[in-house]
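Notes follow the structure.
The values are calculated or read from the model by the stated rules, or taken from the named source; none is laboratory data. On a predicted model such as this, the values are computed, not experimentally measured, just so you know. Methodologically, a virtual Cβ is constructed for each residue, glycine included, from the backbone with ideal geometry; neighbour enumeration extends over all protein chains shown.
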Amino acid sequence: MRSGSIIATMTFGTPPVVSSVNKSAITRTQGGILMRVTGSGFTGATACAFGGTNGTSLSVLNDTTIDVVTPAKAAGDHAVVVTGPGGSSNATVTVKFVNPTSIFGANLKRWYSQTYSGGGWTDESATQNTSQATAAKRPSASTFAGTTDRPGTHVALLFDGADDGLNMGGASDIVTTALTIGFIASADPTQGAEANVVAKNYNAEDLIFGIRSTDPDNMLFACGGSTDTEAAISTAAVNDNVVRRYIGTNNGATSTLYVNGTAQPNTGTGAIAGGTLDFNAIGCAMAAEAATDYHFKGKIGEVVEANVVATATQRSHLECYLRDCAGQAA
């Protein structure tokens, strides 16, 4: 009589180990970004998941390196888990997925993103925002090209520099005491010598980005006016069709401009006018789009406005979000 049984076990190897991911370990919630995962035991790996959702285009380069494209995920920290013949890896390495809502919370006023559809540019709530009445004055749809390690691209608005513009929102969307505004853009070198506004709150030239006749190659950011003495101005030319990330902040007195994450040495002065403003605009300075108005020439995407001065951490997260939406490597 058999008093016991023998249980045979088969071992297919040890589970993989994830030690790190490349770049800053922060990416956009839309997914679509190539990420390099390093560790050990990756030979034969069949999946790399972020918070339980498998990435796509998995490529096992060798036993210690995997390339994978991130999936779309809700905002938050998501563990990176590699699965192979020996099982699944540890879940100690995380990637933070961010979007403007997760970065700024209740302080977020507007986030213009997603899809352009013939006259409106949808915001995060999928609400259409009204552009100018005539189709000839509406900006065209375009995209920012990606790079090898940042293949993600995102919708942009293409402005002709003459009469294109987008007006949207209302007084309830306007910041009042503090500001962070960020976007990605590439300015056309043929934009001319006039001020070409990128994004602003209309009335009294408040919360304005542009390229002015007295600084024809450089970007400025100002609150409470846009004269050079009140503006924070970039130190290098930006009207060269190169995609850059722009973030401006104002604490109620001082304007600071960041270009690709670097604070510009020229700061500006001027308080936010707050309730005297009546709507937001992208690409044009005025309510009407007459030939004498100031217009931007180039691409603009991912315009984010928040009623707060971003902390260093918030600014870093916004930089990463804009970087991935622009398809930039760094």
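Quick notes
- Test: residue in the range 95-102 that is under 12 Å from Val17 (Cα atoms) and hydroxyl-bearing (Ser, Thr, Tyr): no
- Residues of the range 218-235 satisfying the condition of being farther than 19 Å from Lys297 by Cβ, assigned to a loop (DSSP other than H, G, I, E, B) and among the small types (Gly, Ala, Ser): Gly224, Gly225
- Within the range 13-95, strands (runs of 3 or more DSSP E) holding 3 or more residues that are more than 24 Å from the chain's Cα centre (by Cα) and over 18 Å from Thr153 (Cα atoms): 17-21, 34-40, 56-62, 76-84
- Failed condition for Ala47, given (1) at pLDDT 95 or above; (2) closer than 30 Å to Met168 by Cβ: (2)
- Test: residue in the range 10-26 that is touching a helix residue (DSSP H, G or I) at 6+ places or on another chain (Cβ under 7 Å) and either of a type in the set (D, E, K, R) or in the same structural domain as Ala145 (by TED's automatic domain parsing) (or both): no
- Test: Ala106 is exposed (fewer than 15 other Cβ atoms within 10 Å of the Cβ), within 30 Å of Ala326 (Cα to Cα) and either touching a strand residue (DSSP E or B) at 6+ places or on another chain (Cβ under 8 Å) or at pLDDT below 95 (or both): yes
- A single entry from Thr143, Thr177, Thr190, Thr147 fulfils the requirement of being modelled with pLDDT of 75 or more and under 30 Å from Gly252 (Cβ atoms): Thr177.
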